[in-house]
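Provided herewith is a single structure, encoded as structure tokens, for subsequent inquiry.
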Amino acid sequence: MIKIKGKATGELAVKRLWLPGLQEHVKCPNCGHETWNDLNGDHINYPMLGKWEEHGHYCSECGHEWVFDMKINITVDVRES
Ligand SMILES: [Zn+2]
């Protein structure tokens with residue numbers, strides 16, 4: 001049996017990270033408009049693993065910009081073939 005132990009932390013050592021298949025859905029704190037960002041189109045610069053970092057968001061309805069915290073965790077699954 002193969003097990004992965006520990007937790008991925010630290011710098012991911014990539015300049016830009018795109019996350020295909022993930023979108024952030026958020027309600028604008030200024031106008032209440034429901035908006036979303038495709039994380040495969042809006043990349044993350046110099047991502048860190050397991051650490052809360054500020055992430056910017058823009059409302060296409062009213063132009064309001066704000067930040068919230070985002071943390072990237074990576075899991076690795078294995079199976080015997
Ligand atoms: Zn707005």
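Just so it is clear, none of the values below were taken in a lab; they were calculated from the coordinates. Everything numeric here is computed off the predicted structure, so don't read it as measured data. As a convention, Cβ positions derive from the backbone with ideal geometry for all residues, glycine included, and neighbour counts pool all protein chains shown.
No solvent, one uniform scatterer per C-alpha: report log10 I(q)/I(0) for region 10-70 via the Debye equation at q = 0.25 1/Å, two decimals.
-1.10
So which trypsin sites (Lys or Arg not before Pro) in region 1-60 pass both tests, a DSSP loop state and at most 13 other Cβ atoms within 10 Å of the Cβ?
3, 5, 7, 15
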